[in-house]
Amino acid sequence: MTHATPTTREDEPGQKIWAHSGDSHLMEPDDLWTSRLPKRLADRAPRSERGEKYEIVYIDGTQIDRQLNDFMDAMRPPGAKDLDLRLQDLDKEGIRSQVAFPSMGFWICNIRDPELENAVARAWNDWALEEVMSRQDRVFAPAIVPLMDVENAVAEVERVAELGFQALYFPCGISDDRAWGLDLWEPLWTAAEELRLPLAFHIGTGGENVVYRGPGGAVVNYTETTYPAMRVVTHLVAGGALDRHPDLKLLVAEGGAGWVPAIGDRMDEAYRQHGMFVRPRLSRLPSEIIRQQVYASFQHDISAVQVIEDTNYDNVLWGDDYPHLEGTYGHTQETLRAVFTDVDTAIRDRVLHGSFEELFPATAATAATAS
Ligand code: MN
């Protein structure tokens, strides 16, 4: 077992800036499901196959996604699939703790058979616990929640809480008949609130990621991945879920943070000026609910920090998005210096440590021990 040891928390000039990362990913082994599930289920679990040009993802025999091999190869730092090397990568980059989202596990929300979905999600959680979280205390995964059947969802949330998981993963995109603001999810929010498990939504999940093929498509599509995350916030706030569950916290990972207070203002305007149409009524203004319960992570955005200075919305986390191309692997220190030069140390500490430790209190103890 490798226990890398970050040395300082206070950064002296020229020294490494240490940070928690509110956004990173595990790369699952190819045999995750085939080694853990009976053949009749394993055969239908998500799997990827590398062709000449594309890596293609299949579920239940159907192609559901393809990515250029070159794109996939561009995001494989040494520790992408090796936990001991990953901890070395973290030390080198200056990352203390990471929330580690799935990679292949993101596709579980495309499964349409509740039995298969439940088995595949449980196997992923068991794998993350046994092969990642039990072996060290810096990288931890949010549990994947099966979503087709709310009873399954609650049962799995109770099981993973018992196992020591610190958060629950959810996809941003969801079909209209299952929208996040609907009452059907109420038992799940009740369980998550009681068990103190934050809801961790990651952008670019649960929907199509290429929605436009015209000029500027790469930038348009990348930016488009943030909009469903904004919808998660508007639905869970306006629908009353966060108001009914004031101890329930929500993280939007990788979508930037500058938009969060702005969307609160938009929602307040609607809540106030369209008041005669507004159902349900809330006990707090949308912007207040957002400021109290919604957290967001960014990688490079200068505005994510400026917005704290100007609006006092400070539930902001930084994220390295390891090992992805959008992330900061290889230039983390450069990025942290660029973003935080001349930024008040209280704000810097909040973004790099405080918000993260508030959302995942167990990591505060770990960070203190490591220092
Ligand atoms: Mn990410």
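Okay, residues lined up against (1) within 16 Å of the ligand (Cβ to nearest atom); (2) without any contact (Cβ under 8 Å) to a residue 12 or more places away in the chain; (3) crowded, with 21+ Cβ neighbours inside 10 Å; (4) under 17 Å from the mean Cα position of the chain (by Cα):
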{"site": "Phe298", "(1), (2), (3), (4)": "yes, no, yes, yes"}
{"site": "Ser303", "(1), (2), (3), (4)": "no, no, no, no"}
{"site": "Gln306", "(1), (2), (3), (4)": "no, no, no, no"}
{"site": "Trp318", "(1), (2), (3), (4)": "yes, no, yes, yes"}
{"site": "Tyr322", "(1), (2), (3), (4)": "yes, no, yes, yes"}
{"site": "Glu326", "(1), (2), (3), (4)": "yes, no, no, yes"}
{"site": "Tyr329", "(1), (2), (3), (4)": "yes, no, yes, no"}
{"site": "Glu334", "(1), (2), (3), (4)": "no, yes, no, no"}
{"site": "Val339", "(1), (2), (3), (4)": "no, no, yes, no"}
Query - Complete set of residues in the stretch 209-223 that are more than 16 Å from the ligand (Cβ to nearest atom) and part of a helix (DSSP H, G or I) - result: Gly217, Ala218, Val219, Val220
Query raised in the report: Does Ile64 count as modelled with pLDDT of 95 or more, surrounded by fewer than 19 Cβ atoms within 10 Å (Cβ to Cβ) and more than 16 Å from the ligand (Cβ to nearest atom)?
Result: no
**Report entry** Hey, Tyr271 in contact with a helix residue (DSSP H, G or I) (Cβ under 9 Å, 6 or more places away or on another chain), more than 27 Å from Pro361 (Cα to Cα) and hydroxyl-bearing (Ser, Thr, Tyr) or not
**Finding:** yes
Report task. Inspect the stretch 263-275 for any residue being in contact with a Ser or Thr (Cβ under 7 Å, 6 or more places away or on another chain), surrounded by 22 or more Cβ atoms within 10 Å (Cβ to Cβ) and in contact (Cβ under 8 Å) with a residue 24 or more places away in the chain and give the result as yes or no. Result -> yes
Query raised in the report: Any residue in the stretch 345-352 that is under 28 Å from His235 (Cβ atoms) and in a helix (DSSP H, G or I)?
Result: yes
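Of the residues Gly206, Gly181, only one is buried (at least 16 other Cβ atoms within 10 Å of the Cβ), in contact with a strand residue (DSSP E or B) (Cβ under 6 Å, 6 or more places away or on another chain), not in a helix (DSSP H, G or I) and not acidic (Asp, Glu); which? I'd like the intermediate steps shown before the answer.
Numbers: Gly181 fails: in contact with a strand residue (DSSP E or B) (Cβ under 6 Å, 6 or more places away or on another chain).
Only one candidate qualifies: Gly206.
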Query raised in the report: So, of the residues in the stretch 161-178 that are touching a residue at least 12 places away in the same chain (Cβ under 8 Å) and of a type outside the set (A, V, I, L, M, F, W, C), which turns out to be surrounded by the most Cβ atoms within 10 Å (Cβ to Cβ)?
Result: Tyr169
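Among the strands (runs of 3 or more DSSP E) confined wholly to the stretch 8-103, which include 2 or more residues that are in contact (Cβ under 8 Å) with a residue 24 or more places away in the chain and more than 20 Å from Trp124 (Cβ to Cβ)?
Counting at least 2 such residues, we get 19-25, 95-101.
Go through the residues of the stretch 313-328 one by one and say whether even a single one is at negative phi, in a helix (DSSP H, G or I) and touching a Gly at 6+ places or on another chain (Cβ under 7 Å).
Scanning the stretch 313-328, I find no residue that is at negative phi, in a helix (DSSP H, G or I) and touching a Gly at 6+ places or on another chain (Cβ under 7 Å), so the answer is no.
Yes or no, residue by residue, for (1) under 19 Å from the mean Cα position of the chain (by Cα); (2) more than 16 Å from the ligand (Cβ to nearest atom):
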residue	(1), (2)
Leu197	yes, yes
Thr205	yes, no
Thr225	yes, no
Gly240	no, yes
Query raised in the report: Considering only the stretch 213-252, how many residues are surrounded by fewer than 13 Cβ atoms within 10 Å (Cβ to Cβ) and touching a helix residue (DSSP H, G or I) at 6+ places or on another chain (Cβ under 7 Å)?
Result: 1
Report task. Tell me, yes or no, whether the stretch 278-292 has at least one residue that is touching a Lys or Arg at 6+ places or on another chain (Cβ under 8 Å), within 16 Å of the ligand (Cβ to nearest atom) and under 22 Å from Tyr169 (Cα atoms). Result -> no
Report summary line: Reported set for the stretch 184-194 where residues are free of Cβ contacts under 8 Å to residues at least 40 places away in the same chain and either surrounded by fewer than 14 Cβ atoms within 10 Å (Cβ to Cβ) or among the polar types (S, T, N, Q) (or both) is Leu184
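For Val160, are the conditions met, namely being in a helix (DSSP H, G or I) and under 30 Å from Gln88 (Cβ atoms)?
Criteria met by Val160.
The values are calculated or read from the model by the stated rules, or taken from the named source; none is laboratory data. As the structure is a prediction and not an experimental result, all values here were calculated from the model. Positions of Cβ are backbone-derived with ideal geometry, glycine not excepted, and every protein chain shown enters the neighbour counts.
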